[in-house]
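Peer 1: Provided herewith is a single structure, encoded as structure tokens, for subsequent inquiry.
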């Protein structure tokens with residue numbers, strides 16, 4: 001048996017003894033070290049996710065050590081390997097899958113949403129989704145691999161290139177990692193828009209420029225920063241109505257807007273600006289397996305080179321018994337950045 005935080009029904013988590021998952025062909029068992037709380041975990045907890053079903057063990061962001069490996073192991077995963085895992089589960093037969101776009105499978109599922117995830121002592125994962133990590137990464141930084149893969153894919157969708165100017169609407173965990181990835185991609189200028197004063201200070205501490213719309217005229221500041229041209233790439237990760245409208249304001253003529261923030265309600269878009277500026281608006285959903293593998297290498301390089309203090313992205317670490325406290329902090333906006341659960 002193992003300890004796990006089970007979402008037995010919406011808004012009800014119970015720390016329970018449950019059976020350790022049994023592995024089969026092509027699977028391995030991972031002893032979890034740390035698991036991250038994602039905004040989607042809060043959506044599921046509140047019963048607002050369109051496809052999740054309770055009971056389920058949440059968390060698709062985790063790192064740990066391989067405990068067991070089943071037959072059929074083409075990746076050569078071994079007991080004792082420190083790993084992270086890409087949590088996507090695709091059908092393999094829909095048009096998106098057969099064209100190689102497994103991450104936008106028509107019936108996409110995820111560990112921690114549709115099957116049991118990382119808020120437990122152990123989780124089972126397909127070995128072909130497991131990525132080994134080096135000793136360069138601490139367990140806590142390794143737990144950031146999944147959100148960093150999201151930021152990696154957002155920038156890939158935006159086509160962020162060397163010398164680009166990038167504007168990020170929203171300085172929460174995903175906004176922060178998207179900004180770091182943009183700079184790693186060679187962006188010459190990365191600017192954030194963020195209302196939360198504590199997050200504004202965190203963004204500044206990482207070396208970025210940040211505009212607080214509560215205190216500044218965003219349009220005037222953007223014109224000052226870009227000589228009136230606007231930004232090459234705008235990453236909208238807030239999911240807010242104001243954020244969507246701001247994105248079309250600050251994007252340059254023929255620039256690209258990447259929409260990645262989940263809106264509570266369908267937002268309105270200024271289509272006249274989209275037409276007159278010939279803007280490209282693209283969506284970004286999770287990441288590809290290749291994105292995920294490259295993200296791990298990128299994280300290792302960031303740590304080796306000391307380019308960013310990634311520990312600043314982790315604002316709180318709780319024991320699994322306090323998972324519900326972490327979810328409530330996210331619901332009320334009390335968390336500065338990423339909350340990790342220690343197993």
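Peer 1: Can you check what the Kirkwood hydrodynamic radius comes to for region 112-259, Cα pairs only, in Å to one decimal? Before the final figure, lay out the partial values.
Peer 2: Working: mean 1/r = 0.0606 Å⁻¹.
That comes to 16.5 Å for region 112-259.
Peer 1: Would you mind pulling out the separation of the Cα centroids of region 3-51 and region 106-120, in Å?
Peer 2: One Cα centre to the other: 8 Å.
Peer 1: Need the full-extension length gain, residue 241 to residue 106, defined as separation in residues times 0.36 nm minus the C-alpha distance. One decimal, nm. Spell out each step's value before the answer.
Peer 2: Details: separation 135, 0.36 × 135 = 48.60 nm, distance 2.68 nm.
Difference between extended and current length: 45.9 nm.
Peer 1: Would you please give the FRET efficiency between residue 78 and residue 54, computed as 1/(1 + (r/R0)^6) with r the Cβ-Cβ distance and R0 = 41 Å, to the nearest 0.05?
Peer 2: Working: r = 35 Å, r/R0 = 0.85.
The value I calculate is 0.75.
Peer 1: Let me ask something else about it. Could you tell me how many degrees, from 0 to 90 and to the nearest 10, lie between the Cα long axis of helix 289-305 and the main elongation axis, the longest principal axis, of the Cα atoms of the chain?
Peer 2: In the chain, helix 289-305 runs at an angle near 80 degrees to the longest axis.
Peer 1: Next question. What whole-number volume per residue, in cubic angstrom, does the convex hull of the C-alpha atoms of the chain give?
Peer 2: Working: hull volume 45.1 nm³, N = 343.
Measuring per residue, one finds 131 Å³ for the Cα hull of the chain.
Peer 1: Turning to a different aspect of this structure: Helix 173-184 sits at what angle to the longest principal axis of the chain, using alpha carbons and giving 0 to 90 degrees rounded to 10?
Peer 2: The answer is roughly 70 degrees.
Peer 1: Go ahead and collect, in residue order, the members of region 84-104 whose backbone nitrogen is under 20 Å from a label point 7 Å along the Cα-Cβ direction of residue 290.
Peer 2: What the label zone holds, given the 20 Å backbone N cut-off, is 85-104.
Peer 1: Label points 7 Å out from Cα along the Cβ direction at residue 12 and residue 331: separation in nm?
Peer 2: Going from the residue 12 label point to the residue 331 one covers 1.5 nm.
Peer 1: Quick one: plug the Kirkwood hydrodynamic radius of region 16-61 (C-alpha pairs) into Stokes-Einstein at 4 °C, 1.567 mPa s, and report D in µm²/s. Don't jump to the answer; show the numbers that get you there.
Peer 2: Working: Rh = 12.8 Å.
Value of D from the Cα-based Kirkwood radius: 101 µm²/s.
Peer 1: What share of the DSSP beta bridges in the chain is antiparallel, in percent to the nearest 5? Could you put the intermediate results ahead of the total?
Peer 2: Details: 34 of 61 bridges.
Given both bridge residues lie in the chain, the antiparallel proportion sits at roughly 55 percent.
Peer 1: Turning to a different aspect of this structure: Based on alpha-carbon atoms only, what is the radius of gyration of region 1-145 relative to the globular estimate 2.2 N^0.38 Å? Could the numbers behind the result be given before it?
Peer 2: Working: Rg = 15.1 Å, N = 145, 2.2 N^0.38 = 14.6 Å.
Here the Cα radius of gyration is 1.03 times the empirical estimate.
Peer 1: Using the basic label-point model (7 angstrom from Cα toward the beta carbon), what is the residue 278 to residue 46 distance in nanometres?
Peer 2: 4.1
Peer 1: Based on alpha-carbon centroids, what's the gap between region 265-280 and region 160-181 in Å, whole number please?
Peer 2: Taking the Cα centre of region 160-181 as reference, the centre of region 265-280 is 20 Å away.
Peer 1: In degrees between 0 and 90, to the nearest 10, how far off the longest principal axis of the chain does helix 241-250 point, with axes built from Cα atoms?
Peer 2: Orientation of helix 241-250: about 50 degrees from the principal axis.
Peer 1: Can you sort 311, 232 so the residue with the fewest Cβ neighbours within 10 Å comes first? Kindly include the intermediate steps, with their values, before the conclusion.
Peer 2: Working: 311 10, 232 23.
Fewest to most other Cβ atoms nearby, the residues stand as 311, 232.
Peer 1: Here is a further query. From a point 7 Å beyond the Cα of residue 3 in the direction of its Cβ, which residues of region 304-343 have a backbone N at a distance under 12 Å?
Peer 2: The answer is 319-323, 342-343, whose backbone nitrogens lie closer than 12 Å to the label point.
Peer 1: What is the spin-label model distance, in nm, from residue 98 to residue 309 if the labels are put 7 Å beyond Cα along the C-beta direction?
Peer 2: Rounded to a tenth, the inter-label distance reads 5.3 nm.
Read-outs: derived from the displayed coordinates by stated rules, not from any lab. For clarity, every value in this text was computed on a predicted model and none was experimentally measured. Here Cβ is always computed from backbone atoms with ideal geometry, including for glycine, and neighbour counts include all displayed protein chains.
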